[in-house]
Amino acid sequence: QVQLVDSGGGLVQAGGSLRLSCAASERTFSSYNMGWFRQAPGKERDFVARISRSGGSTYYADSVKGRFTISRDNAQNTVYLQMNSLKPEDTAVYYCAAARLYSGVAANQYQYWGQGTQVTVSS
């Protein structure tokens, strides 16, 4: 069972950047598809981005396309989310997630979750 630890959140002004990290405990990290989700207060958990096992395929929500980049380092058992041109509406708790098999945009396709890291964007 893989354990995920999210980090890198914080307070940033609109237009700024943050880089989130998610460290996995599992040595077979490269066998998992990985994703990032976010949840704002009073809202559902929304898909942000996903990356395939090898890192060769990525997919983004329309709301972040062109501003966010997901990447992974399988040697370091870590997945990243580089967030640029941040907007106040990006404010949320961000979660990384791992899927053993197919992973799309639905949260229930992912079996393992990090604890979340808060991102706050001020206007």
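Contact order for the chain, expressed relative to its length and based on alpha carbon pairs under 8 Å spaced 6+ residues apart, stands at 36 percent. Counting charges near residue 20 (Lys, Arg +1; Asp, Glu -1) among other residues having Cβ under 11 Å from its Cβ returns a value of +1. Sorted largest first, the principal axis extents computed over the alpha-carbon atoms of the stretch 1-41 equal 37, 20, 14 Å. Note on the chain: with a GNM built from Cα contacts shorter than 10 Å, the maximum mean-square fluctuation among 73, 46, 90 falls on 73. Over all pairs of different C-alpha atoms, the chain has a mean inverse distance whose reciprocal, the Kirkwood radius, equals 14.1 Å. Phi-derived couplings, Karplus 6.51 cos²θ - 1.76 cosθ + 1.60 at θ = phi - 60°, listed residue by residue for the stretch 55-64: x, x, 10, 10, 8, 10, 5, 4, 5, 10 Hz, with x used for Gly and Pro. Per residue, the convex hull around the alpha carbon atoms of the stretch 79-123 comes to 90 Å³.
Read-outs: derived from the displayed coordinates by stated rules, not from any lab. A quick note: this is a predicted structure, and the numbers were derived from the prediction, not measured. We place every Cβ from the backbone using ideal geometry, glycine too, and count neighbours over all the protein chains shown.
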